[in-house]
Amino acid sequence: MFHVQTIATADEMERAYDIRYNVFSVEQGFDPSIDKDDTDAVSTHFLLYANKDATAAVENAIGVARLYEYHGDSDKTIKVGKIGRVAVLKSGRFGGAGTALMKGVEEEAKRQGFSMLKLHAQTQAERFYSVCGFVVEGDIFDEEGAPHVLMIKKL
């Protein structure tokens, strides 16, 4: 039912930014100036479509995420990926859309050789990420004025 693909064009990246803006700034109230950052340039970005048609028009994308190599761990024997900017439009939150997006990101993470994934989850989304196999590590912390938890998943 869903299709996840990596972003390859400027139009696709603009759609990703549109989705991020709608979810994080319009819906959740985060300052839009914090959305685009230097990490975008070193990330693999993903779009989620509500159908399996790989030629779907970019404007039909309903979700987005990014994945990049995390260098903050002291254990350099494993390759760790960090997932961020996970967002699904409110109108697209149905029937496993978010789960499909996370599965697509995880498949690409394995392809890139990551053996662990990390993410900073808003506490309101902790249950969702738990269903996706992530576990909480540590205490709640503030990120951009919202409570978050570090979650990890071994691949």
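The values are calculated or read from the model by the stated rules, or taken from the named source; none is laboratory data. All figures in this text were calculated on a predicted structure; none of them were measured in a lab. Glycine gets a Cβ as well: all are built from the backbone with ideal geometry, and neighbour counts include every protein chain shown. SASA here: full protein model, heavy atoms, side chains in, ligands and nucleic acids out. Shrake-Rupley method; radii C 1.70, N 1.55, O 1.52, S 1.80 Å.
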Among THR99, THR77, which is β-branched (Val, Ile, Thr) and modelled with pLDDT under 95?
THR77
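Test of understanding: among VAL42, VAL80, VAL58, which residue is under 20 Å from HIS148 (Cβ atoms) and among the hydrophobic types (A, V, I, L, M, F, W, C)?
VAL80
Yes/no per residue for (1) of a type in the set (A, V, I, L, M, F, W, C); (2) more than 16 Å from MET13 (Cα to Cα):
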| residue | (1), (2) |
| --- | --- |
| ARG66 | no, no |
| HIS71 | no, yes |
| ILE78 | yes, yes |
| GLY84 | no, no |
| LEU89 | yes, no |
| ARG93 | no, yes |
| THR99 | no, yes |
Condition set in contact (Cβ under 8 Å) with a residue 40 or more places away in the chain and aliphatic (A, V, I, L, M), scope region 61-82, selection nearest to THR44 (Cα to Cα): answer is LEU67
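Would you be able to tell me the number of residues in region 104-137 that are open to solvent by less than 70 Å² (accessible area, probe 1.4 Å), assigned to a helix (DSSP H, G or I) and touching a helix residue (DSSP H, G or I) at 6+ places or on another chain (Cβ under 9 Å)? It would help to see each step written out before you state the result.
Quick first cut of region 104-137, residues open to solvent by less than 70 Å² (accessible area, probe 1.4 Å) only: 104-106, 108-109, 112-123, 125-126, 128-130, 132-134, 136.
Now drop any that are not assigned to a helix (DSSP H, G or I), which leaves 104-106, 108-109, 123, 125-126, 128-130.
Next cut, touching a helix residue (DSSP H, G or I) at 6+ places or on another chain (Cβ under 9 Å) only: 125, 128-129.
Count: 3.
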Scanning region 1-31 for residues that are in contact (Cβ under 8 Å) with a residue 60 or more places away in the chain, part of a helix (DSSP H, G or I) and open to solvent by 30 Å² or more (accessible area, probe 1.4 Å) gives ASN22, PHE24, GLU27
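Of the residues ALA50, ALA65, ALA100, which is in contact with a strand residue (DSSP E or B) (Cβ under 9 Å, 6 or more places away or on another chain), hydrophobic (A, V, I, L, M, F, W, C) and open to solvent by less than 20 Å² (accessible area, probe 1.4 Å)? First the steps, then the outcome.
Numbers: ALA50 fails: open to solvent by less than 20 Å² (accessible area, probe 1.4 Å); ALA100 fails: open to solvent by less than 20 Å² (accessible area, probe 1.4 Å).
Criteria check complete, one pass: ALA65.
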